[in-house]
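For reference, the structure discussed in these notes is given below.
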Amino acid sequence: MRPYWVQGFPVCRGGSEWVVHFGGRLEIGLRGALHVRVERLTARADACRLVYVSDLHLRRGRSVLLSRRVVEAVGGCGARAVLLGGDLVDGASELGALSALVSELGAVGPVLAVGGNHDRRVGLDRVRAAVEDGGGVWIQDTTYRLSHGSRLVSIAGPGAAVPGGGDVRVLCAHHPRVWHWARRAGYDLVLAGHLHGCQVVAFAYRGRLFPGGILYSNCCESRQVGCSRLVVSRGVSDLVPIRWCCPREVVVCDV
Ligand SMILES: [Fe+2]
């Protein structure tokens, strides 16, 4: 097999379906800059750029650093709106830090947020209040309609009714399992995170990342079925900050 590079990582490809990471990058800690991944659903000149940020896991002792890294990464994206995809805080002590981060990100555009399983432990009502205190919009059970030139982008939370109308329909979620119904419901873009322990990538097979793919069927970077694309973020942070060939990231999507 002949080695080549993908996003800075040395890999080997065997046939057209396997990608093996044999000398990948080990990342320990949270100090490094976030990778900015770009997913293009359209090549049109008036594409609407969204940036999806998931799995912040703000917790005591790391919130200031993580917030700074998020603001740095998002600030240079040129996005029209910021979508926060859940697992925002790991403890109630960090709700103030979340409000401050949302407030800072508001300089980019509307900040829309949904919760994840870690936010449920803190209390979705409390996390929602923190987002709204920072000037953000909680879209867990509702749809935000974003005007972009002559186009309308509908951005729904996982508990919202599937939006009718609009030029582009986006589902902002946390858990990738929503993909099974969302693609049939007509969403053009489904955003998810929820890395949860899958921060070691040894190889990819048919787009799935392993060994995480053994536990999670949608452990992948992205997947396209018909007109619907699933994009799974590798997130900003983890409970255990050790990674292999799995960069901490935000994801820019042109729709
Ligand atoms: Fe999660």
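Rundown of residues vs (1) crowded, with 21+ Cβ neighbours inside 10 Å; (2) touching a residue at least 60 places away in the same chain (Cβ under 8 Å); (3) out of contact with any helix residue (DSSP H, G or I) (no Cβ under 6 Å at 6 or more places or on another chain), yes/no style:
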position: G157; (1), (2), (3): yes, no, yes
position: G165; (1), (2), (3): no, no, yes
position: R183; (1), (2), (3): no, no, yes
position: V201; (1), (2), (3): yes, yes, yes
Problem - Selection count where residues are of a type in the set (D, E, K, R) and modelled with pLDDT of 95 or more, scope the range 44-56 - result: 2
Exercise for the section: State all residues of the range 173-213 that are more than 16 Å from the ligand (Cβ to nearest atom) and not in a strand (DSSP E or B); if no residue qualifies, say none. Expected result: H180, W181, A182, R183, R184, A185, G186, Y187, D188, R206, G207, G213
Exercise for the section: Could you tell me whether A97 is more than 23 Å from V252 (Cα to Cα) and either free of Cβ contacts under 8 Å to residues at least 60 places away in the same chain or under 17 Å from the mean Cα position of the chain (by Cα) (or both)? Expected result: yes
Handout entry: Count of residues meeting criterion [in contact (Cβ under 8 Å) with a residue 12 or more places away in the chain and under 30 Å from S147 (Cβ atoms)] in the range 44-65
Key = 11
Handout entry: Number of the condition not met by S67 [criteria: (1) of a type in the set (G, A, S); (2) in a loop (DSSP other than H, G, I, E, B); (3) in contact with a helix residue (DSSP H, G or I) (Cβ under 6 Å, 6 or more places away or on another chain)]
Key = (2)
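Yes or no, residue by residue, for (1) within 14 Å of the chain's Cα centre (by Cα); (2) modelled with pLDDT of 95 or more; (3) surrounded by fewer than 19 Cβ atoms within 10 Å (Cβ to Cβ):
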residue: S154; (1), (2), (3): no, yes, no
residue: P211; (1), (2), (3): no, no, yes
residue: C220; (1), (2), (3): yes, no, no
residue: C227; (1), (2), (3): no, no, yes
residue: V252; (1), (2), (3): yes, yes, no
Exercise for the section: Find the residue count for the range 66-88, including only residues that are under 21 Å from A173 (Cα atoms) and charged (D, E, K, R). Expected result: 2
Completion exercise
Residues of the range 48-75 being surrounded by fewer than 18 Cβ atoms within 10 Å (Cβ to Cβ) and touching a Leu at 6+ places or on another chain (Cβ under 9 Å), in sequence order, are R59, L65, V71, E72, G75
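To keep it simple, each residue is scored yes or no on (1) within 16 Å of the ligand (Cβ to nearest atom); (2) assigned to a helix (DSSP H, G or I).
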position: G78; (1), (2): no, no
position: L95; (1), (2): no, yes
position: S99; (1), (2): no, yes
position: V108; (1), (2): no, no
position: A113; (1), (2): yes, no
position: R126; (1), (2): no, yes
position: S147; (1), (2): no, no
position: I155; (1), (2): no, no
position: G166; (1), (2): no, no
Exercise for the section: Restricting attention to the range 217-255, report how many residues are on the phi < 0 side of the Ramachandran plot, part of a loop (DSSP other than H, G, I, E, B) and not polar (S, T, N, Q). Expected result: 13
Practice task
Among the candidates G106, G123, G135, single out the residue that is at pLDDT 95 or above, out of contact with any helix residue (DSSP H, G or I) (no Cβ under 9 Å at 6 or more places or on another chain) and of a type in the set (G, A, S).
Solution key: G106
Handout entry: Candidate set from the range 186-199 (those that are touching a strand residue (DSSP E or B) at 6+ places or on another chain (Cβ under 8 Å) and without any contact (Cβ under 8 Å) to a residue 60 or more places away in the chain); member that is surrounded by the most Cβ atoms within 10 Å (Cβ to Cβ)
Key = V190
Exercise for the section: Being basic (K, R) and surrounded by 11 or more Cβ atoms within 10 Å (Cβ to Cβ) is the filter; apply it to the range 20-43 and report the residue that is modelled with the lowest pLDDT. Expected result: R25
Fill in the blank from the handout: Within the range 131-145, the count of residues that are outside any loop (DSSP other than H, G, I, E, B) and touching a strand residue (DSSP E or B) at 6+ places or on another chain (Cβ under 7 Å) comes to 7
Completion exercise
Among D119, D55, the single one that is within 16 Å of the ligand (Cβ to nearest atom) and in a loop (DSSP other than H, G, I, E, B) is D55
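The values are calculated or read from the model by the stated rules, or taken from the named source; none is laboratory data. This structure is a prediction, so every number in the text was calculated from the model and none was measured. As a convention, Cβ positions derive from the backbone with ideal geometry for all residues, glycine included, and neighbour counts pool all protein chains shown.
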